[in-house]
Amino acid sequence: MQSEQGPEIKGHDGITIIRNHENFRGWNNIRYRAGMSGKNVGSKSLSMNVATVPPGGVAYAHVHDGFELMLYILQGRVRHDYGPGLVHSVENAAGDFIFIEPGVPHEVYNLSETEPVVAVVARSDADEWDRIIPYPRKGETEASALP
């Protein structure tokens, strides 16, 4: 059963399970289901959750400082503008895997105005929220990037 603090977590002799539950955290225009991390299952170097970008939504430009990230798109179509100045662009759809190296600036766009993007997100860090650094959007200066 899910509590007000988050999902129910059950440990069984080295295997920990989090049962299906609702989204409970928002960050940078994305909703996250509580996943597994050092905080709730004792992981030392991995975290994983499910992210939902709402229709027409944008996860503003940012950089992952010192950790790798992998995504698997379950639903929807997404565009990543990436690289210094966000000058490169790639589109992905359900069924695609994406790998983002540490330090690569990127901004994420849901390409649909009617359907969410849903993705499994795994990172090589046990803290699923630490070391995500705002990066200036196209046409912004460093000072105007998200706090």
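Among the residues making up the range 105-124, those that are in contact with a strand residue (DSSP E or B) (Cβ under 6 Å, 6 or more places away or on another chain) and under 28 Å from Lys44 (Cβ atoms) are Pro105, His106, Val108, Val118, Ala119, Val120, Val121, Ala122, Arg123. From the list Arg137, Arg31, the lone residue that is farther than 22 Å from Glu8 by Cα and among the basic types (Lys, Arg) is Arg137. When each of Asp96, Asp81 is tested for being over 24 Å from Gly38 (Cβ atoms), touching a His at 6+ places or on another chain (Cβ under 8 Å) and among the acidic types (Asp, Glu), the lone residue that passes is Asp81. When the residues of the range 22-59 are filtered to those that are surrounded by fewer than 16 Cβ atoms within 10 Å (Cβ to Cβ) and at pLDDT below 70, the one that is farthest from the chain's Cα centre (by Cα) is Glu22. Scanning the range 54-110 for residues that are under 14 Å from Val121 (Cα atoms), in contact with a Pro (Cβ under 8 Å, 6 or more places away or on another chain) and part of a strand (DSSP E or B) turns up His64, Gln75. All of Ala119, Ala126 fail the test of being buried (at least 16 other Cβ atoms within 10 Å of the Cβ), at pLDDT below 95, within 19 Å of Met36 (Cα to Cα) and aliphatic (A, V, I, L, M), apart from Ala126.
The values are calculated or read from the model by the stated rules, or taken from the named source; none is laboratory data. All values derive from a computational prediction rather than experimental measurement. No Cβ is skipped: glycine too gets one built from the backbone with ideal geometry, and neighbour counts run over all protein chains shown.
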